[in-house]
Each structure stands twice: as structure tokens, then as C-alpha cells.
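The values are calculated or read from the model by the stated rules, or taken from the named source; none is laboratory data. In this text, all values refer to a predicted model and were calculated from it rather than measured experimentally. Reconstructed Cβ throughout: ideal geometry from the backbone, glycine too, with neighbour counts over all protein chains shown. For the accessible areas, the whole protein counts, side chains as well, though only heavy atoms, and no ligand, DNA or RNA atoms are used. Shrake-Rupley method; radii C 1.70, N 1.55, O 1.52, S 1.80 Å.
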Amino acid sequence: MNPDQLAARVARDIPPHSYVNLGIGLPTRVADHLNPESGVVLHTENGMLNMGPAATGDRIDPDLINAGKQPVTELPGAAYFHHADSFAMMRGGHLDVCVLGAFQVSATGDLANWSTGAPDAIPAVGGAMDLAIGARQVFVMMTLFDKRGRPKLVPSCTFPLTGAGCVSRVYTDVAVFDVGPEGAVIREAFDVPAEQIRDQLAATGLRVR
Amino acid sequence: MIVASADDAVAGIADGSTVLVGGFGRAGMPYGLIDALIRQGATGLTVVSNNAGNGDTGLAALLKAGRVAKVICSFPRQTDSYVFDQLYRAGQVELEVVPQGTLAERLRAAGAGIGAFFCPTGAGTLLAEGKESRTIDGRDHVLEYPIRGDVALIQAHRADGMGNLVYRKTARNFGPVMATAATTTIVEVGAVVEVGALDPEAVVTPGIYVDRVVNGSPA
């Protein structure tokens, strides 16, 4: 599945009328596949609900940006609030879903998406840890293998954690997995049979049901 | 309350001060006040802000001028944060990385007189190392302390002569919490309006939190 197909697949699982935060990067594309009639309200952690699509041309307003600092628009019924309120909304369990990218997710739902632990990297976390533990459901969108062919769904994360046991579902280019205390389960396989994906992951040391 | 220039607004900021700087990226960044602070000359500053400057202006210019000893922020690394990146790699600026929501809440706590709070964000991660933790209702929490500023530099859309503030769109970001968290809160606004011209129901930051206002930023 290509990234846009995957974004469309994630969008189908977002319940109507839910409050949703889409992480920077790939998850942002989910917005393009949400049905306007679904009543889904997008939250951006820099202080807005009912964020609209990207702004272009003379609709660009430097005071109206998303968490990725890109110019966006407001939809009717939008609301603005300050940062402490915006993150209270997350931690307080008011956001239904957030969709995040990841370097690694463990079978038990640990998330690593803020640092690869490289010794020369400048640490930067932004709102990743707040989102990971705040939203009621955390979906991850990622490729199942990295560019060097290493699995990103793993028995336990080797990169520094963003949050422990916080991810409930992982959407990859190959399959959708549920993760949690009981381990990883294939929920839906796309182009390759589930058994083949299980064998492939078993070879990396990960047991998937 | 209303001062004539950005230079008057930043007068008296001492060396070694903790300065809260509003803004998320460029939105809500009080550029006029930061430029005035560079001219004013205070050094050895601890800067608390979400980012560590963009390009060569604002916070990046303050860093480049060598006035900042420490940055407390959530996300210093950006595509155009080369000034901070160079100083950090050269060991010329100290960095404390704080999750964005924890940064906001630590500022809020300072302004609200809270001694410390247990927060689930970051529990079990590198950023919780060395911090007191507690399991509450089955969930791990980390003890977080307030961040108080000697000075807050923020930007708002309008102020009246009482110092009441309204903001504009996502430029609001850290302004309202930083305004509460500093001994001296200094605000750059797009326009100063007459007392009574702001709808009291729409005031976001009441003037009690505001010390100096300068008519400055373009709006």
C-alpha cells in the first residue's frame, strides 16, 4: 500500500464526530481522506480545534499555522486556546484519537518516535510525549520495515521511548496490527497473506498472532 | 503600563535573568522586544521558549549575539535553527528539553502558585530520569516543578490602557501562560486601544498580569 492509500485506510477507522490530532509528516495526509460530512474535528497542539486544510496564496496568514508550522485555514466552528489548555485537552483524555509516525513500536504498544539516540543528535521532543500518553487511542502510521530492511514493529524498542504501552494500533504498508499487553495481532493483511507476514516477522524475533 | 518604545519596555532587564519568550515558530514571536533586548545588552540569560529560534531573527538573533547561557524548550531542532545548532554543538549554550505540554503546564503552575505537580507525560522515558515519580491510579507520573520567569516577552493582538490583552489565532500559543508566570510581563501589541474598547467577555489575559505594553508589531 502506498502512503496515500494507507492514509485513506486510517481515515476509514476514525469514528465520526471524533476529536483527532494528526502528527507531523505522514499522518497529516489522513486529513485529505476524511469525509467532510464525518464531523471529525482536527486539533492542532499549538492551540486550535476545527483546523481546516493547508492555506495557499492570499489565504496564508502568519498567525494561523499548524504544529508543523505550515500555514493552515480555519473551518466554521473553529476555536483558539493557549498552550496549557491545548495540552490539558490531551492529558485530560478529551482527544479521541491521535495518529503518529514512529521509528519503532513494540508488540506491547511502546512508542519510540522522538529520538534515534544518535550521540550527536540535538534532542528535541515537541509535543510527541504529550500526545502519546494523552489521546484515548493512539494509532501509528509507518512502514513495517525501515530503509535498511529492519523491522519497525519489534519485541521491545531499542530507540529511546516516547511513551510506554500507549499505542493501540499500527497501520503499516503491509498490514494493520493491534498491539497491547497481549502482544501484536494482525488485524488486516493487505497484499501478502497474514501467515507470510507472521513468518517474516518471526524471522526477526517477533511473534505475531 | 503603556510605554513609548520597545527600548523603554525592556529597560532594566538584568544579566542572568530568566526570560520567557512567547511564540510558536514565528507566530506570536515578539520580534520588536527581542531586538530591543539585544540593544539593551543583558547577557547570561536563561531563555524559556518553545523553539530555539528560526533563521537569523528574533530568538536566533539573541542567541547569535551571545546573550543566552541556557535554553529551556521543547523543540530546538528545526530546518532553520542553525544559530542554536552551532552554539549547542560548540558547547556554548546549555539545553534543557521539556515536553511541550509539560513546558506549558510548568509555566501555568508558576503563575498559579502551584508548588509542583505529578504529570504522566514522559514517565518511563529518558526525560524522566533523575525525577521523582509516583504511580497514581495505576499510572506512572513524574514530578514536575514550575518555571518562573523574571521577565516575559510576549506578543498580543490588542491591548487596552489597563493591559487587558486579546490575541490573534494560533499566535496566542504561550502568551497567556507566560504572562502569568513572570515577575515582569512585557507585551508587544499590534495596536493599543482605549479602555472600554475591548469586550470584557473576550479578554484573554486580564491586565493584572501585564506590566508594560508597547505598540509595536505589525498587525
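Taking the listed residues B:ALA179, B:ALA197, the one that is more than 19 Å from A:ALA79 (Cβ to Cβ) and either within 13 Å of chain A (Cβ to nearest Cβ) or open to solvent by less than 40 Å² (accessible area, probe 1.4 Å) (or both) is B:ALA179, with no other qualifying.
To keep it simple, each residue is scored yes or no on (1) out of contact with any Phe, Trp or Tyr (no Cβ under 8 Å at 6 or more places or on another chain); (2) within 22 Å of A:PRO3 (Cα to Cα).
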{"position": "A:ALA54", "(1), (2)": "yes, yes"}
{"position": "A:ASP63", "(1), (2)": "yes, no"}
{"position": "A:VAL72", "(1), (2)": "yes, yes"}
{"position": "A:TYR80", "(1), (2)": "no, no"}
{"position": "A:ASP110", "(1), (2)": "yes, no"}
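Of all the residues in the stretch B:55-91, those that are under 15 Å from the mean Cα position of the chain (by Cα) and in a loop (DSSP other than H, G, I, E, B) number 3. Quick check: is even one residue across the stretch A:56-66 more than 8 Å from chain B (Cβ to nearest Cβ), open to solvent by less than 20 Å² (accessible area, probe 1.4 Å) and touching a residue at least 12 places away in the same chain (Cβ under 8 Å)? Taking every residue of the stretch A:56-66 in turn, none turns out to be more than 8 Å from chain B (Cβ to nearest Cβ), open to solvent by less than 20 Å² (accessible area, probe 1.4 Å) and touching a residue at least 12 places away in the same chain (Cβ under 8 Å).
Kindly evaluate A:GLY126 against the criterion of being crowded, with 23+ Cβ neighbours inside 10 Å and either under 28 Å from A:ALA8 (Cβ atoms) or of a type in the set (Lys, Arg) (or both). It would help to see each step written out before you state the result.
Working: crowded, with 23+ Cβ neighbours inside 10 Å: yes; either under 28 Å from A:ALA8 (Cβ atoms) or of a type in the set (Lys, Arg) (or both): yes.
Answer is yes for this residue.
Against the test of being in contact with a His (Cβ under 7 Å, 6 or more places away or on another chain) and either farther than 17 Å from A:ALA124 by Cβ or crowded, with 18+ Cβ neighbours inside 10 Å (or both), the options B:CYS73, B:CYS119 yield a single qualifying residue, B:CYS119. Does A:ARG29 fit the bill of being under 25 Å from B:ARG139 (Cβ atoms) and of a type in the set (D, E, K, R)? When the stated conditions are applied, A:ARG29 does not pass them.
How many residues does the stretch A:160-197 contain that are open to solvent by 60 Å² or more (accessible area, probe 1.4 Å) and part of a helix (DSSP H, G or I)? So the count comes out to 2. In the set (1) under 17 Å from B:SER49 (Cα atoms); (2) open to solvent by 10 Å² or more (accessible area, probe 1.4 Å); (3) without any contact (Cβ under 8 Å) to a residue 40 or more places away in the chain; (4) facing chain A (nearest Cβ under 9 Å), the condition left unmet by B:ARG108 is number (3). As a summary of the residue check, B:GLY190 satisfies the conditions (1) buried (at least 21 other Cβ atoms within 10 Å of the Cβ); (2) under 24 Å from B:GLY32 (Cβ atoms); (3) in contact with a strand residue (DSSP E or B) (Cβ under 6 Å, 6 or more places away or on another chain) except for the one numbered (1).
Conditions tested, residue by residue: (1) aliphatic (A, V, I, L, M); (2) more than 24 Å from the chain's Cα centre (by Cα).
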residue	(1), (2)
B:ALA104	yes, no
B:THR125	no, yes
B:HIS141	no, yes
B:GLN155	no, no
B:ALA159	yes, no
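Looking at the stretch B:192-211, is at least one residue in contact with a Gly (Cβ under 7 Å, 6 or more places away or on another chain), outside any strand (DSSP E or B) and either of a type in the set (Phe, Trp, Tyr) or modelled with pLDDT under 95 (or both)? Looking for residues that are in contact with a Gly (Cβ under 7 Å, 6 or more places away or on another chain), outside any strand (DSSP E or B) and either of a type in the set (Phe, Trp, Tyr) or modelled with pLDDT under 95 (or both), one finds none in the stretch B:192-211, hence no. Residues that are over 25 Å from A:HIS33 (Cβ atoms), among the small types (Gly, Ala, Ser) and part of a helix (DSSP H, G or I) within the stretch A:48-106 comprise A:ALA84, A:ALA88, listed in sequence order.
Would it be correct to say that B:ARG89 is at pLDDT below 95, open to solvent by 10 Å² or more (accessible area, probe 1.4 Å) and within 12 Å of chain A (Cβ to nearest Cβ)? Don't jump to the end; show me each part of the working.
Values: at pLDDT below 95: yes; open to solvent by 10 Å² or more (accessible area, probe 1.4 Å): yes; within 12 Å of chain A (Cβ to nearest Cβ): yes.
Judged against the criteria, B:ARG89 is a match.
Within the stretch B:121-143, residues that are more than 12 Å from chain A (Cβ to nearest Cβ) reach partners that are among the basic types (Lys, Arg) and open to solvent by 20 Å² or more (accessible area, probe 1.4 Å) with beta carbons closer than 8 Å, at six or more positions or on different chains, in the pairs B:LEU143/B:LYS131; B:LEU143/B:ARG134.
Tell me, yes or no, whether the stretch A:33-44 has at least one residue that is in a helix (DSSP H, G or I) and either touching a residue at least 24 places away in the same chain (Cβ under 8 Å) or in contact with a helix residue (DSSP H, G or I) (Cβ under 7 Å, 6 or more places away or on another chain) (or both). Looking through the stretch A:33-44, at least one residue is in a helix (DSSP H, G or I) and either touching a residue at least 24 places away in the same chain (Cβ under 8 Å) or in contact with a helix residue (DSSP H, G or I) (Cβ under 7 Å, 6 or more places away or on another chain) (or both).
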